[in-house]
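One structure below.
The values are calculated or read from the model by the stated rules, or taken from the named source; none is laboratory data. What you see is a predicted model, and the numbers here were worked out from it, not measured in a lab. As a convention, Cβ positions derive from the backbone with ideal geometry for all residues, glycine included, and neighbour counts pool all protein chains shown. Quick note on the areas: whole protein, heavy atoms, side chains included, nothing else; ligands and nucleic acids left out. Shrake-Rupley method; radii C 1.70, N 1.55, O 1.52, S 1.80 Å.
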Amino acid sequence: MKPTIVVSGINLFQGGTLTVYYNFCDEIIESKLYEKYHFILFVHKVSLFEKYKSYFEIIELPESRKSWFKRMYYEYSYFKKYSKDKDIYLWISIHDMTPKVHAKHQITYFHNPTFAYKAGWKDFKYNKKVFLFSLFYKYLYKINVHANDYVIVQQDWIASSMQKLLNMDLNHICVMRAEHGIDTSKYQNVEKIQPYTFFFPSVSRHFKNFEIICEATKRLNSEFNQDLYQVVLTIDGTEDTYAKDVVNQYNSVSNIHFTGLLSLDEVFTYYKKSSCLIFPSKLETWGLPISEAKEFDLPMIVADLPYAHETVGTYDGVCFFDVNDADDLKEKMKKAILKEDVFSLATYKNTSPNVCKSWNEVITKL
């Protein structure tokens, strides 16, 4: 009889966090670990995991997202009762909270960095959830966390921050980076477009900081020929109040193009035909467009924040800017357009003692 591994991710239903769950499933299938272990997946909706049904036992908990009380009930009561009479080798919580369970081993994957985020009035205005998370999530992280054999994060700076927050040995914090390759051959015949094009692909979240690009563009236009460049942003004002406010404020800036959300194929095409990525986000666990743009050898102007330096890694063709300074960004955009010396080689040295490249490697550690 195969040992049982239970994976709980009942709060994941869209975006990058759901992708983490999918990547886990894909790796288990690719490595054929499902042949060695019996996997039970707890999910919000089975319909989101149809393609995995032949590999895993999947249990749906559709009530899990109805309220925080429901979530707490499942994490600290339901899962404890569920696991009590079962022989579970490993329980993996893939979304920030360490449930109380009966299992030989336990691992929690932390992906939400708001515990280290200093929220302001904009956070309260546009997303009260993020505002509250920045205040209280660190306390949820601490509940039962020392029941884990390992906790997993995506970057060194998160590991260092959580070591202090959780009073945990760094050797029990495993850094599993989100790096992945892209088959760029499909886009090799896509040519650069004119004029010089800055590109920022992202969903609408207030901490993504779209407005800093818009304000820098507006200021640059007052002293520079706006026909020499354009800016492409993947919001259109229909997404939420934040996007609506940004578009309403800067819609009159003619060389800013609000495209709305693009498909992944369209995003990859823009990487190939654009001149430069701008990545101004104030809050990320990784910053996937940075990794994607690197695959296309795209020059980058990115946030001067720890996550961005780590995601950029070693790359020749990047500069960093103050995410609160539109004039700083404006000057770097101007130099990029004029082909002045603004991009340089960035380097990064890993600092965490415990780095894993795969779930297979993590499970093997046990």
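Can you name every residue in the stretch 137-148 that is open to solvent by 50 Å² or more (accessible area, probe 1.4 Å) and within 24 Å of N360 (Cα to Cα)?
Within the stretch 137-148, H146 is the sole residue that qualifies.
Looking for whichever is surrounded by fewer than 19 Cβ atoms within 10 Å (Cβ to Cβ), in contact with a strand residue (DSSP E or B) (Cβ under 7 Å, 6 or more places away or on another chain) and within 18 Å of K334 (Cβ to Cβ) here; the options are L277, L228. Which one fits?
Values: L277 fails: surrounded by fewer than 19 Cβ atoms within 10 Å (Cβ to Cβ).
When all the criteria are applied, what remains is L228.
Under 8 Å by Cβ, and 6 or more places apart or on different chains, what pairs join a residue from the stretch 283-296 that is within 15 Å of V323 (Cβ to Cβ) and open to solvent by 20 Å² or more (accessible area, probe 1.4 Å) with one that is of a type outside the set (V, I, T) and in a helix (DSSP H, G or I)?
Going by the 8 Å Cβ cut-off, the qualifying pairs are E284/Y307; E284/A308.
Considering K357, K330, which residue is out of contact with any strand residue (DSSP E or B) (no Cβ under 7 Å at 6 or more places or on another chain), surrounded by fewer than 18 Cβ atoms within 10 Å (Cβ to Cβ) and of a type in the set (K, R)? First the steps, then the outcome.
Working: K330 fails: surrounded by fewer than 18 Cβ atoms within 10 Å (Cβ to Cβ).
That would be K357, the only listed residue that is out of contact with any strand residue (DSSP E or B) (no Cβ under 7 Å at 6 or more places or on another chain), surrounded by fewer than 18 Cβ atoms within 10 Å (Cβ to Cβ) and of a type in the set (K, R).
Please specify each residue of the stretch 149-166 satisfying the condition of being within 22 Å of Q106 (Cβ to Cβ), among the hydrophobic types (A, V, I, L, M, F, W, C) and either part of a helix (DSSP H, G or I) or open to solvent by 40 Å² or more (accessible area, probe 1.4 Å) (or both).
If the condition is that a residue be within 22 Å of Q106 (Cβ to Cβ), among the hydrophobic types (A, V, I, L, M, F, W, C) and either part of a helix (DSSP H, G or I) or open to solvent by 40 Å² or more (accessible area, probe 1.4 Å) (or both), then I158, A159, M162, L165, L166 are the ones that fit.
Which of the residues belonging to the stretch 263-282 are in a helix (DSSP H, G or I), in contact (Cβ under 8 Å) with a residue 60 or more places away in the chain and not basic (K, R)?
Step one: list which residues in the stretch 263-282 are in a helix (DSSP H, G or I), which gives 264-273.
Going one step further and asking which of them are in contact (Cβ under 8 Å) with a residue 60 or more places away in the chain, we end up with 267-273.
Scanning the stretch 263-282 gives V267, F268, T269, Y270, Y271.
Residue under question is E35, and the condition is that it be out of contact with any Asp or Glu (no Cβ under 7 Å at 6 or more places or on another chain), at pLDDT below 95 and either over 23 Å from E75 (Cβ atoms) or open to solvent by 40 Å² or more (accessible area, probe 1.4 Å) (or both); does it hold? It would help to see each step written out before you state the result.
On the way: out of contact with any Asp or Glu (no Cβ under 7 Å at 6 or more places or on another chain): yes; at pLDDT below 95: no; either over 23 Å from E75 (Cβ atoms) or open to solvent by 40 Å² or more (accessible area, probe 1.4 Å) (or both): yes.
Here the answer is no, as E35 does not meet what is asked.
Between a first residue in the stretch 197-208 that is under 22 Å from Y229 (Cα atoms) and at pLDDT 95 or above and a second residue that is in a strand (DSSP E or B) and open to solvent by 20 Å² or more (accessible area, probe 1.4 Å), which pairs have beta carbons less than 7 Å apart while being 6 or more apart in sequence or on different chains?
From residues that are under 22 Å from Y229 (Cα atoms) and at pLDDT 95 or above, the pairs are T197/Q230.
Restricting to the stretch 1-28, count the residues that are closer than 30 Å to P201 by Cα and of a type in the set (A, V, I, L, M).
So the count comes out to 5.
Among residues belonging to the stretch 137-190 that are among the small types (G, A, S) and touching a residue at least 12 places away in the same chain (Cβ under 8 Å), point out the one that is farthest from T314 (Cα to Cα).
A147
Working only within the stretch 29-86, note down all residues that are over 25 Å from M1 (Cα atoms) and either part of a strand (DSSP E or B) or touching a Lys or Arg at 6+ places or on another chain (Cβ under 7 Å) (or both).
H44, P62, E63, S64, Y76
What's the number of the condition F268 fails, among (1) buried (at least 17 other Cβ atoms within 10 Å of the Cβ); (2) under 18 Å from C214 (Cβ atoms)?
In the conditions (1) buried (at least 17 other Cβ atoms within 10 Å of the Cβ); (2) under 18 Å from C214 (Cβ atoms), F268 misses (2) alone.
May I ask you to list the residues in the stretch 54-85 that are among the basic types (K, R) and without any contact (Cβ under 8 Å) to a residue 40 or more places away in the chain? Before the answer, list the steps.
Going through the stretch 54-85, the residues among the basic types (K, R) turn out to be 65-66, 70-71, 80-81, 84.
Those that are among the basic types (K, R) and without any contact (Cβ under 8 Å) to a residue 40 or more places away in the chain: K66, K70, K80, K81, K84.
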